[in-house]
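These notes concern the structure reproduced below.
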Amino acid sequence: MEESTWTTKKGLAQMLKGGVIMDVVTPEHAKIAEEAGAVAVMALERVPADIRAAGGVARMSDPGLILQIMDAVSIPVMAKCRIGHFVEAQVLEAIGVDYIDESEVLTPADEEHHVNKHAFKVPFVCGCRDLGEALRRIGEGAAMIRTKGEPGTGNIVEAVRHMRTVMDAIRRLRNMPPDEWMAEAKKLGAPYELVAELAKTGHLPVVNFAAGGVATPADAALMMQLGADGIFVGSGIFKSEDPAQRGAAIVKATTHYQDAALIAEVSKGLAKAMPGIEIGTIKAEELMAKRGW
Amino acid sequence: MAESPTIGVLALQGAFVEHATMLRGLGVDVREVRLPAQLRGLAGLVIPGGESTTIGKLLVAYELLAPLRELIAAGLPVFGTCAGMILLAKDIGGLEQPLLATMDLRVRRNAFGRQLQSFEADLRVPVLGERPLRAVFIRAPVVEAVGLGVEVLGWLDDGRIVAARQGRLLVTAFHPELTDDDRLHRYFLEQVVGLGHGEKRALTHAFASGDRPL
């Protein structure tokens, strides 16, 4: 019997496919999310929109709060550590979270190195903007990937850009002859073995969700149609007027992402979405997606 | 020409693509099921691993729960893995979540603990032959008790039940769809659904409850 194998690590993400992972900041939120049909929750002290508004340094949440959320629900609980902050990751592993998000939503602890995720028993999810970034994270041991989008904005434009960029690079690789794989690996800044494997299988070796800017059922379905395996919603649910209602609608639109009549039905009469932010109005140094490499 | 049988895979959430790929590899047609109309004319159904609470809520929201129960009562063969097993069990220890509740099992959710306790193990499953089955357990449930007419198919070394069959219902606590070993899917198609070896033809209800596989 072997615990925490590569298969069990990436396998949990496979079980979350077609589902919605919701940011929650209290045990009560977590219960609302579970009741709305979330496949997992991300436990944190503040949703990205509030982190953005507060400024300063954003760190790992209080382990006590994360434990309360773990006690409140039966679905998996994820928590965030700062990019490169392997001790925050050790702490999260020690309290037994189900997945660690090494996240650009928090202030990076290391501008050069991400966490060596192979060294952990707990699986990690990491953000990416393009295929090279995705494969570098997988090379470091990430068992799940998500496109970054721009967290806390309620604006889907960056999530779309990142998903299209990843999918386009995968389509290119699928049609690339083996003699060009090494040059492509160099160009992507990605491990050659992962580039070659992807070229052969035609898909990423781990699950890829969309994150950063999902605010409506149609946003979720858009990301699914672009090729996401599932959806992270950060601020989009609990910064909206009626989180339970919006959460359930986003869950349904994610399952039935190809059924426009059904998406129309669940989108009718929803209470107000979170207020959005135009990306151009955010100062370049405040863009979260640019954190990490 | 006779139509080849179609096996449904409940595609509300979870690892349904992995099941579909494995079934197609065994030569059957596969249909993803998200709405009641897609249940029509299926020779069998797979309920995949995923989050049982989410799948249960979506079964209710899209009015799949009642028609599925009726089909199962009428003899629809079903293969449930992990969350699928939870949804089929009659008793999950009083937890409040929607269930199909059609199989005489008492199942405990997250019986081994959280993700850090997820594991792989070699199982002895006598109906699949001598070669052990590599089984992947992810935040897995376990069968705590079985009712009359339930045949236990697989155990862990400590004796805990992780695979069982009751008539046309087959369940595992683990994920055969995450491995390359297709023997359980083959067993489901041949011995539970009753498809002939190598031919895509449905044999009519060849196996009643408790029958030994050929």
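Worth pointing out:
- With θ taken as phi - 60° and the Karplus curve 6.51 cos²θ - 1.76 cosθ + 1.60 applied, the whole-hertz 3J(HN,Hα) list for region B:108-120 is 10, 6, 6, 5, 9, x, 8, 4, 4, 9, 5, 7, 10 Hz, x standing for glycine and proline.
- Protection-proxy order for peptides B:123-130, A:223-230, A:42-49, each taking the mean of Cβ atoms within 10 Å per residue, highest first: A:42-49, A:223-230, B:123-130
- Estimated vicinal HN-Hα couplings, Hz - region B:142-158 in sequence order (Karplus 6.51, -1.76, 1.60; Gly, Pro = x): 9, 8, 8, 7, 10, x, 4, x, 9, 9, 7, 9, x, 10, 7, 4, 7
- Over the protein assembly as shown: Rg over Rh, Cα atoms, Kirkwood Rh: 0.97
- Across peptide A:15-28, the mean count of Cβ atoms from other chains lying within 10 Å of each residue's own Cβ comes to 4.
- Under Karplus coefficients 6.51, -1.76 and 1.60, residue-wise ³J(HN,Hα) of region A:160-170 in Hz, glycine/proline x: 5, 4, 5, 5, 4, 5, 5, 5, 4, 5, 5
- Heavy-atom accessible area ranking, 1.4 Å probe, most first, across A:L135, B:L35: B:L35, A:L135
- Accessible carbon and sulfur surface of the protein assembly as shown relative to its total accessible area, %, 1.4 Å: 51 percent
- The amide H of A:V207, built 1.01 Å from its N in the peptide plane, has A:I145 as neighbours under 5 Å, considering only residues 5 or more places off or on other chains.
- Highest mean packing comes first when the peptides A:256-262, A:268-274, A:278-284 are listed by Cβ atoms within 10 Å, giving A:256-262, A:268-274, A:278-284.
- Among A:172-185, B:88-101, the order from most to least packed when residues are scored by Cβ within 10 Å on average: B:88-101, A:172-185
- Sum of side-chain charges, B:M103 neighbourhood, beta-carbon under 14 Å (Lys, Arg +1; Asp, Glu -1): +1
- Residue-span extension gain [A:K200 to A:V87] - 0.36 nm each, minus C-alpha spacing: 37.0 nm
- Value of Rg to Rh for region B:37-101 (Rh from inverse mean 1/r over Cα pairs, i.e. Kirkwood): 0.93
- 18 Å cut-off, amide nitrogen to a point 7 angstrom out along A:K268 Cα→Cβ, residues in region A:185-223: A:217-218
- Three-way shape label, chain B, alpha-carbon gyration tensor, a/c 1.5: rounded
- Antiparallel bridge percentage (DSSP; both residues within region B:1-152; nearest 5): 40 percent
- Chain B: calculated mean residue ellipticity at 222 nm from DSSP helix runs of at least 4, using -39500 (n - 2.57): -5000 deg cm²/dmol
- Buried accessible area, chains B and A (both chains, 1.4 Å probe, Å² to nearest 100): 3000 Å²
The values are calculated or read from the model by the stated rules, or taken from the named source; none is laboratory data. Bear in mind that the values here come from a model prediction, so they are computed numbers and not experimental data. In this analysis, Cβ positions are derived from the backbone assuming ideal geometry, glycine residues included, and neighbour counts consider all displayed protein chains. Protein only, heavy atoms only, side chains kept; ligands, DNA and RNA dropped before computing areas. Shrake-Rupley method; radii C 1.70, N 1.55, O 1.52, S 1.80 Å.
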